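Q: Have a look at this one before I ask anything.
The values are calculated or read from the model by the stated rules, or taken from the named source; none is laboratory data. This structure is a prediction, so every number in the text was calculated from the model and none was measured. All Cβ positions, glycine included, derive from the backbone under ideal geometry; neighbour counts span all protein chains shown.
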Amino acid sequence: MARTVTLSLPGYVAKALAHFAPQSTSVARSPGIYVPPQYGGKASQAPTIEDMSPALSAAERTNLQAIIGVFLYYCLAVDLTGLTAVTSLASTQASPTVLTSHAANRLLAYFRNYPANSLVLKACNMRLHIQSDASYQSRSGSRSVSGGIAYLSNDDPTEVNGAVHAFSSIIPAVMASVGEAEYVALFQNGQNGAGFRQILADLGYPQPPTYILVDNQVAQGIAMNTLQPKRTKSIDMNYHWIRDRVKQNQF
C-alpha cells in the first residue's frame, strides 16, 4: 500500500477563475515575479520598488480583497506554492494600486496554469521538522518577510513530507541585516514549533530535539551560541528566546 493521503479541492480554482477573470487565458509559471538580490554591497538585498501607480477604485479594491480571501484559504489548505504571493497582496489591500492589481492578475495566471495542485502526506514516524527563511527588505518601506514550513517525517529532516503548517508574514520591525531577518524568522518558526511539539506529545508522539533548517550562518551561529555576538546588541532581546530553547535541547 502507498500509505499516503492526498488533500485536494477539485474544481475550486476553476470556479474562482471563472468568477474573477472569465475572459482571461493568460498563464504564468510562478505566482509572482522574482527579483534577485543584489550581492556585493554591505548587505545582500532585493531592490524595493515604491509603488507610485494610481489607486484602485472602491469596487476594484473589494474585488481584490475577495481574490485574496479565496486564494489564501486555498493556499493554506492544499497549495502552499502561492502563499507568499497571496500574503504579499494582503499586505497592500488597505491601499491597493494598479500595480497591486497586476500582481493579482499574475497570481490568477499562475493558478490557471496549475489549477489542480494537491498536498500529499506520507506515513512516517511523526518527527517534527521545520524549514525557516527570510527575505531581507523585499517589501516597501524597507520591510522584510519571514516564513517557514513545518512537516512530519522520519528522523532525517531532509526527507520532506507534506506540510502541516506554513506561514509568510512581514517582520514588524525594520531589520538591520540579512542575518537579523533570518534570526527573527528562526525565532518565529521556533515559537510555532514549540506549540506543535506539545500537541504531538499530548497525542502520544513525544519529540526529540526538533531540526530547524536555516540557510544563514549568522542566524544559526547566534541561535546555537557559536558566534561571538559583537554586533548583535541591536537585536530585540525577545528574539533570543530561540537561543534559550536550543540550550534546553528543544531545537
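Q: Where the second residue is among the basic types (Lys, Arg) and the first is assigned by TED's automatic domain parsing to the domain that holds SER8 and lies in region 66-86, which pairs have Cβ atoms under 8 Å and are six or more apart or on separate chains?
A: From residues that are assigned by TED's automatic domain parsing to the domain that holds SER8, the pairs are ALA85/ARG106.
Q: When you go through ALA43, ALA94, ALA59 one by one, which is the residue that is modelled with pLDDT under 95, among the hydrophobic types (A, V, I, L, M, F, W, C) and in the same structural domain as PHE20 (by TED's automatic domain parsing)?
A: ALA94
Q: Among what's in region 20-40 and is surrounded by fewer than 10 Cβ atoms within 10 Å (Cβ to Cβ) and within 28 Å of ALA166 (Cβ to Cβ), pick the residue that is modelled with the lowest pLDDT.
A: Only one residue fits best here, namely TYR39.
Q: Restricted to region 1-19, and to residues that are more than 23 Å from PHE111 (Cβ to Cβ) and of a type outside the set (A, V, I, L, M, F, W, C), which residue is modelled with the highest pLDDT? Show your work before the answer.
A: In the first step, residues of region 1-19 are kept if they are more than 23 Å from PHE111 (Cβ to Cβ); the result is 1-4.
From what's left, of a type outside the set (A, V, I, L, M, F, W, C): 3-4.
Numbers: ARG3: 92, THR4: 95.
Ranking the qualifying residues of region 1-19, first place goes to THR4.
Q: I would also like to ask the following. Do any strands (runs of 3 or more DSSP E) lying entirely in region 94-211 carry at least 1 residues that are under 27 Å from LEU7 (Cβ atoms) and over 15 Å from the mean Cα position of the chain (by Cα), and which ones are they?
A: Correct list: 119-122, 127-139, 143-153.
Q: Do you know which of the residues in region 143-188 that are of a type in the set (Val, Ile, Thr) and more than 20 Å from ALA85 (Cβ to Cβ) is surrounded by the most Cβ atoms within 10 Å (Cβ to Cβ)?
A: Among those that are of a type in the set (Val, Ile, Thr) and more than 20 Å from ALA85 (Cβ to Cβ), it is VAL184.
Q: Got a number for residues in region 189-207 being over 15 Å from VAL246 (Cβ atoms) and surrounded by 14 or more Cβ atoms within 10 Å (Cβ to Cβ)?
A: The total comes to 4.
Q: Something else now. Anything in region 86-139 that is at positive phi and crowded, with 16+ Cβ neighbours inside 10 Å? List them, or say none.
A: GLN137
Q: Next question. In a helix (DSSP H, G or I), in contact (Cβ under 8 Å) with a residue 12 or more places away in the chain and out of contact with any helix residue (DSSP H, G or I) (no Cβ under 6 Å at 6 or more places or on another chain): is that true of ASN249 in this structure?
A: So ASN249 fails the test.
Let's see how each residue does on (1) more than 30 Å from SER53 (Cβ to Cβ); (2) of a type in the set (A, V, I, L, M):
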residue	(1), (2)
THR92	no, no
ALA104	no, yes
LEU108	no, yes
SER118	yes, no
MET126	yes, yes
